[in-house]
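K.L.:
Here it is, the structure in full.
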2 protein chains.
Amino acid sequence: MPTYPMPLVRIEIALQTIVDGELVTLMVRREQAPYRDRWALPGGVIRVDQDRDLDAGAQRIALERLGITPPYLTQFCAVGSAGREPRAPHDWGLSVVYRALAPAGTIAPVAGKRVAGLRWVQADNPLPASHTAFDHALIVASAVAATRQQTAALEFPRGLIPERFTLGALQRLCEEVLGTPLDKSSFRRKLRDRKLVESIEGAQQRGEAHRPSAIYRLSSGGSIGTTPQDRLETGFA
Amino acid sequence: MPTYPMPLVRIEIALQTIVDGELVTLMVRREQAPYRDRWALPGGVIRVDQDRDLDAGAQRIALERLGITPPYLTQFCAVGSAGREPRAPHDWGLSVVYRALAPAGTIAPVAGKRVAGLRWVQADNPLPASHTAFDHALIVASAVAATRQQTAALEFPRGLIPERFTLGALQRLCEEVLGTPLDKSSFRRKLRDRKLVESIEGAQQRGEAHRPSAIYRLSSGGSIGTTPQDRLETGFA
DNA sequence: ACAAAAGTGTTCGTCTTACACCCATGC
DNA sequence: GCATGGGTGTAAGACGAACACTTTTGT
């Protein structure tokens, strides 16, 4: 059989976290054409000699470009067409987009290889299409919508949530992601009914100017994802 | 910059429809190694000289392999790793999986290029892993779960539903997809409340041995998808 | 008349929402 | 004491499941 020219395969990463009480996504300024000096998702080319699979490639690229190993990395979508990769045959590029989530303040990406600058972009104040590269503005908006939808359904996007937390902190986090206030009583009842969290024996948050709070963690069984990738990984649901 | 060897990029299609009142997925018998003679999703290699984008490639491959142009084709997930493509450098293959849906009886795929045989696989009676290729058994199960979840939420997977239908037929269709009976009154109330369907003026289904029924179509606004691809296409939700 | 499916209403229980209220702590 | 957030209870209402019922056709 003949061998056909292949697309250039890239991985892009939409890293989301909370900064100043708001959901933000990391974008980087491109150092090279196309779209030089415009803002894009951090990403890189897959290396078949280094990456065992797509997930491993995403981890490598996060490390190379941002100097971090995100705790939670999940495949989001793939976009591919002619006209997005001048280095490839027929200008044909394929990007597999990953979504990465990290708890507020736990992650400090630094500009790595071929990255001219970093910037947290607020979910509700996106960059105009004229300052962004490819269709990345659209992808960011879509990734934000996904994170909010998960949060609203209390399918916690694991990575965003610290190991140990108080219920108040968890509620604040959700409110920050969603950008809307939640009812305390309802929030807690849902957590209880669906057994999403479990209290850590004896642990207490003291020292604040108010009643001490119990410390919780996500319960192991809780919040099974419903994306194709989740289903594949868990052996379908 | 150096040019790296690229993965072999393929598109696979999970074509689903209703056969004999059951949700089924099409699989094909492989003519070539690897996994020769085992069952896999129909698919093919992307052609950067022919396919404008991934969607166009999926359409071309459906036509070449199955002789059909599915009315509804939506990206599902991407899987890629070393060890799944002997023809590629480092045995590295990347498959973008599409889900295609067609109303019962509207589609008659035929074995096309490099396809040794076709087979409808029932959702609740899947082929054992020992007879399937790659991770395609897992992907099929995952695609079935996605279709059922959409149906249960009355986010109709457009392609499965004919242009015009009676409410009874629509309910039967949902029951066949889900494999469980539904309550007529509840079903209709939901359709009404959420304005998912609209009746076609004056049209009636006559000639059956019972009361004639009104004819409906999906309302234009109804049932916005929530997959990343849906959001990208509609300019985010 | 009868079967068969269309189409509607009604009841009952569950889940959600919104709000009010007590509790424990640091200052 | 009092401000602050933790933690709980409750009444009103929305929603969904289950079931009974009437209507209209062809045979």
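FYI, it's all coordinate maths here, none of it is from the lab. The structure presented is a predicted model; accordingly, all values stated were derived computationally and were not measured. Positions of Cβ are generated from backbone atoms using ideal geometry, with glycine treated the same way; all protein chains shown enter the neighbour counts.
K.L.:
By the scheme Lys and Arg +1, Asp and Glu -1, what is the net charge of all other residues having a beta-carbon under 13 Å from that of A:I200?
P.N.:
On the way: positive: A:R164, A:R217; negative: A:E163, A:E198, A:E201.
My count for the surroundings of A:I200 gives -1.
K.L.:
Could I ask something else about it? About the Cα centre, and with charges only on the beta carbon of Lys, Arg (+1) and Asp, Glu (-1), how big is the dipole of the protein assembly as shown? Nearest 20 debye, please. Provide the component values of the computation, followed by the final result.
P.N.:
Values: 60 positive and 50 negative charges, 77 e Å.
Dipole about the Cα centre, nearest 20: 380 debye.
K.L.:
Still on this structure, I have one more. Of all alpha-carbon pairs in the stretch B:153-230, indicate the percentage at a distance above 20 angstrom.
P.N.:
So the pairs more than 20 Å apart make up 32 percent of the total in the stretch B:153-230.
K.L.:
On to the next question. For chain B, what does the relative contact order come out to in percent, with C-alpha contacts under 8 Å and a separation of six or more?
P.N.:
Reported as a whole number, the value is 20 percent.
K.L.:
May I ask you to list the lysines whose Cα is less than 27 Å away from that of A:K195, ignoring any residue fewer than eight positions away on the same chain?
P.N.:
Partners found: A:K184.
K.L.:
Moving on to the next point. Among A:T234, B:P103, B:Q205, whose Cα projects farthest towards the positive end of the dipole of the protein assembly as shown, with charges put on the beta-carbon of Lys, Arg (+1) and Asp, Glu (-1)?
P.N.:
Projecting each Cα onto the dipole axis, the largest value belongs to B:Q205.
K.L.:
Placing +1 at every Lys and Arg Cβ and -1 at every Asp and Glu Cβ, with all other atoms neutral, what dipole size does the stretch B:113-178 have around its Cα centre, in debye to the nearest 20?
P.N.:
On the way: 7 positive and 6 negative charges, 63 e Å.
Around 300 debye, computed over the stretch B:113-178.
K.L.:
Given H placed 1.01 Å from N in the peptide plane, which residues other than close sequence neighbours of A:A78 have an amide H under 5 Å from its amide H?
P.N.:
Hits under the 5 Å cutoff: A:V97.
K.L.:
Roughly what would the spin-label model give for A:D193 and B:K190, points 7 Å off Cα along C-beta, in nm?
P.N.:
So the two model labels end up 1.8 nm from each other.
K.L.:
Given 5 Å bins starting at zero, what is the percent of C-alpha pairs of the stretch B:23-167 in each, up to the one with the largest pair distance?
P.N.:
With a bin width of 5 Å, the distribution comes to 2, 9, 17, 22, 23, 15, 7, 3, 1, 0, 0.
K.L.:
Sticking with this structure for a sec: Under 12 Å from a point 7 Å along the Cα-to-Cβ line of B:A203: which residues of the stretch B:159-186 have their amide N that close?
P.N.:
Within reach of a label on B:A203: B:162-167.
K.L.:
Cut-off 10 angstrom, C-alpha nodes, Gaussian network model of chain B. Which of B:Q75, B:Q50, B:Q150 fluctuates the most?
P.N.:
B:Q50
K.L.:
Around A:P5, under 10 Å between beta carbons, what's the net of Lys plus Arg minus Asp minus Glu among the other residues?
P.N.:
Neighbourhood net charge equals 0.
K.L.:
Another question, then. Averaged across A:44-51, how many Cβ atoms of other chains sit within 10 Å of each residue's Cβ atom?
P.N.:
Working: counts 0, 5, 7, 6, 16, 6, 2, 6.
Per-residue shielding by partner chains comes out at 6.
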